[in-house]
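Structure, as C-alpha cells:
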Amino acid sequence: MSKMNTISIPDILALPIQERIRLVEIIWDSVAAVPDAVEISPALKAELELRLTEFEVNPEAGYSWEEVKSHLKDRANIVRVT
C-alpha cells in the first residue's frame, strides 16, 4: 500500500463526519474514474446479463424507484417499532 501509512485508520475515524464523507466521495470518484480496473466475476457478469435481458424483454416488470423507496421506508418503520 503506497502512501497509506501517512494517516491511520483511527485518525480517519476521528475526523468529523463531514470530512469522512468527503474522503469517501474522493475515494469513490477515484475508483469510478477507472471502471475497467474493477473486476467482475463471471457469475456476477452472467447474472447482470440475465437481468438486462429480462429488462429488455419486459421493461415494465418490476417496481418504480418510488415504489421501492416507499417499501424501504415502510420496512424501516416496522423495524423501529419492534
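The values are calculated or read from the model by the stated rules, or taken from the named source; none is laboratory data. For clarity, every value in this text was computed on a predicted model and none was experimentally measured. Using ideal geometry, Cβ is built from the backbone for each residue, glycine included, and neighbour counts are taken over all protein chains shown.
Things worth noting here:
- Taking the stretch 20-50 as the range and being more than 16 Å from the chain's Cα centre (by Cα) and surrounded by 10 or more Cβ atoms within 10 Å (Cβ to Cβ) as the test, the residues that pass are ARG20, LYS45, ALA46, GLU47, GLU49, LEU50.
- Condition met for ARG75 (at pLDDT 95 or above, surrounded by 10 or more Cβ atoms within 10 Å (Cβ to Cβ) and not hydroxyl-bearing (Ser, Thr, Tyr)): no
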